[in-house]
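See below for the structure under consideration.
The values are calculated or read from the model by the stated rules, or taken from the named source; none is laboratory data. The model shown is predicted, which means the values in this text are computed figures rather than measured ones. Neighbour counts are summed over all protein chains in view; Cβ atoms, including those assigned to glycine, are modelled from backbone coordinates with ideal geometry. For the accessible areas, the whole protein counts, side chains as well, though only heavy atoms, and no ligand, DNA or RNA atoms are used. Shrake-Rupley method; radii C 1.70, N 1.55, O 1.52, S 1.80 Å.
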Amino acid sequence: MPRIVSMIASATEIVCALGFESDLVGRSHECDFPPSVKRLPVCTAPRFEVHGSSLQIDQRVKSLLEQAMSIYRVDAELLRLLQPDVIVTQSQCEVCAVSEKDVEEALANFLPSPLRGRNAPKIASLSPNNLAEVWQSIRNVADVLGVSSRGETLVQQLKARVDAIFSNAKFVEKPTVACLEWIDPLMAAGNWVPELVELAGGRNLFGRAGQHSPWMNWEQLIKADPMFIIAMPCGFDLTKTRAEMATLRQRPEWKSLQAVGNHRVFVTDGNQFFNRPGPRLVESLEILAEIFHPEVFHYGHEGSGWAWYE
């Protein structure tokens, strides 16, 4: 069986969903689901202090990027000791997780180690920007692991769940929605999130399907005046997201928004759900569906995946 190292949380979830959890020998510092993977050696670490406010984290990351430095470090010596046959990484976002470039640089340090040449591990690099590409990522990992049919079965199961939600959401009233992927400065959610909003019976106002998440400003938010505001900051859980919302609440314009006045502002666990392009994007869709249309959908995610804010 292959020895697998996953450098991104969504890939770890894909590997496990395909039945290869027991073949994982290493993980990234962000891989934490299923919880049993926490037993694995950690092969990566951030180069910046991850604690602090949205603004502080944003400034630290931008400072590293301005210096042309990688946001994460890969433990090359640990990789050498683990001797993986397959390394799963990503090339979708250098800020979100360890990139393919980071892995290649770490492997270059092994010359003339057994991990080079004929025995070099396969690198499966994922780069999904929309739902169709997320499903293809699952197929790609399955292909690398030699279980293509298992990958296709998993994809069809996930798509069937999506279709069932969309079928029930097609005929409901579609509220306008602003999804926030960062709090300070403001960033709208892009990539697959606009698709999830539409599938769940909402009308997405900011961010375009298949495109990276765009920065936005307060003037845009006030002018659009969404019916729902959903906070899903990248890498933040429910508790951290709720704390960060104070930054928005302090703005004098905040109370003028209809979402605030109508108590339709929600916080979510973006780290566990919306930020990870893997199997649990279906749970992310369920979260949106039960927020938008509780009279139609109820999956029991309140309190763990999402919570009321205003």
Longest principal axis of the chain (C-alpha) makes with the long axis of helix 148-169 (C-alpha) an angle, in degrees to the nearest 10, of 0 degrees
Shape call for region 197-265, from the Cα gyration tensor axes a ≥ b ≥ c (a/c under 1.5 means rounded, otherwise prolate when a/b beats b/c, else oblate), comes out rounded
In whole angstrom, the spacing between the Cα centers of region 1-63 and region 175-235 equals 25 Å
One would report the antiparallel percent of DSSP beta bridges in region 139-276, rounded to the nearest 5, as 25 percent
For the chain, the charge dipole (Cβ of Lys, Arg +1; Cβ of Asp, Glu -1; about the Cα centre) points to a positive end, and the Cα of ILE183, LEU145, ASN275 closest to that extreme belongs to LEU145
Helix 281-292: inclination vs the chain longest Cα principal axis, degrees, rounded to 10, gives 10 degrees
Helix 131-144 sits off the longest principal axis of the Cα atoms of the chain, rounded to the nearest 10 on a 0 to 90 degree scale, by 20 degrees
Note on region 190-296: contact order normalised by length, alpha-carbon pairs under 8 Å, 6 or more apart, percent, works out to 31 percent
One would report the antiparallel percent of DSSP beta bridges in the chain, rounded to the nearest 5, as 30 percent
Heads up, the chain by the C-alpha gyration tensor (a ≥ b ≥ c square roots of eigenvalues; a/c under 1.5 rounded, else a/b over b/c prolate, else oblate) looks oblate
Relative contact order of the chain (C-alpha contacts under 8 Å, at least 6 apart) in percent is 14 percent
Residue-normalised value, i.e. accessible area per residue, for the chain at 1.4 Å probe, in Å², stands at 44 Å²
When every protein chain stays in place and a 1.4 Å probe is rolled, SER304, SER125 sorted by accessible area with the largest first are SER304, SER125
The percentage of the accessible area of the chain (probe 1.4 Å, all protein chains present) made up of carbon and sulfur atoms, to the nearest whole number, is 50 percent
